[in-house]
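Single-structure report; data block below.
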Amino acid sequence: MRRTYSLIQVAMALLDEPNDRHWGYELSKRSGVRSGVLYPMLTRMLDEGWLTDGWEDPAQIEGRPPRRYYELTNDGRRALGAQIRQAQLEPRFRSLFPGFAQ
């Protein structure tokens with residue numbers, strides 16, 4: 001997957017809590033990536049095997065449709081961690097890592 005500013009922002013949001021379920025809306029807010037960019041990226045991550053997904057149990061919610069969640073796989077943790085490490089070495093991503101000595 002091509003290393004973009006948006007990918008690194010989403011990777012950082014996912015890896016901030018690597019063992020949790022992540023909701024699309026929450027990822028959008030935490031990463032600052034708009035939904036029109038986020039959801040195609042999440043689909044590519046699913047295709048790569050970096051994420052798994054599922055739906056909330058409808059029996060446990062009331063008054064709204066179930067939400068889709070995303071969880072990192074071990075491959076996803078490794079791949080996105082590598083993307084972040086590489087981004088830390090590239091000047092174009094410097095603003096994402098304040099205080100990081102390059």
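Could you list, in sequence order, all residues of segment 48-66 that are acidic (Asp, Glu) and under 15 Å from the mean Cα position of the chain (by Cα)?
Result: 48, 53.
Just checking, does segment 59-68 include any residue being of a type in the set (Val, Ile, Thr) and either open to solvent by less than 40 Å² (accessible area, probe 1.4 Å) or closer than 16 Å to residue 3 by Cα (or both)?
Yes; the residues of segment 59-68 include at least one that is of a type in the set (Val, Ile, Thr) and either open to solvent by less than 40 Å² (accessible area, probe 1.4 Å) or closer than 16 Å to residue 3 by Cα (or both).
Considering only residues that are among the small types (Gly, Ala, Ser) and either closer than 14 Å to residue 80 by Cβ or over 12 Å from the mean Cα position of the chain (by Cα) (or both), which ones fall in segment 16-34?
So in segment 16-34, the residues among the small types (Gly, Ala, Ser) come out as 24, 28, 31-32.
Matches in segment 16-34: 31 only.
Provide a single number: the residues in segment 24-62 that are among the hydrophobic types (A, V, I, L, M, F, W, C), part of a helix (DSSP H, G or I) and at pLDDT 95 or above.
Of the residues in that region, 7 qualify.
Can you tell me which residues in segment 13-23 are outside any helix (DSSP H, G or I) and charged (D, E, K, R)? Lay out the reasoning, then the answer.
Just the residues of segment 13-23 that are outside any helix (DSSP H, G or I), to begin with: 17-23.
Passing the criteria: 17, 20, 21.
Which of the residues that make up segment 1-60 are in contact with a Ser or Thr (Cβ under 9 Å, 6 or more places away or on another chain) and polar (S, T, N, Q)?
Of everything in segment 1-60, those that are in contact with a Ser or Thr (Cβ under 9 Å, 6 or more places away or on another chain) and polar (S, T, N, Q) turn out to be 6, 9, 28, 31, 35, 52.
May I ask you to say which residue of 24, 54 is touching a residue at least 12 places away in the same chain (Cβ under 8 Å), more than 21 Å from residue 96 (Cα to Cα) and either out of contact with any Leu (no Cβ under 9 Å at 6 or more places or on another chain) or not hydroxyl-bearing (Ser, Thr, Tyr) (or both)?
54
Within segment 63-86, can you find the residues that are small (Gly, Ala, Ser) and assigned to a helix (DSSP H, G or I)?
In the first step, residues of segment 63-86 are kept if they are small (Gly, Ala, Ser); the result is 63, 76, 79, 81-82.
Those that are small (Gly, Ala, Ser) and assigned to a helix (DSSP H, G or I): 76, 79, 81, 82.
Restricting attention to segment 49-58, which residues are over 11 Å from residue 21 (Cα atoms) and either polar (S, T, N, Q) or exposed (fewer than 14 other Cβ atoms within 10 Å of the Cβ) (or both)?
Listed by number, the residues that qualify are 49, 57, 58.
The values are calculated or read from the model by the stated rules, or taken from the named source; none is laboratory data. These numbers were taken from a predicted model, which means no experiment stands behind them. As a convention, Cβ positions derive from the backbone with ideal geometry for all residues, glycine included, and neighbour counts pool all protein chains shown. Note: areas computed on protein heavy atoms with side chains; ligands, DNA, RNA excluded. Shrake-Rupley method; radii C 1.70, N 1.55, O 1.52, S 1.80 Å.
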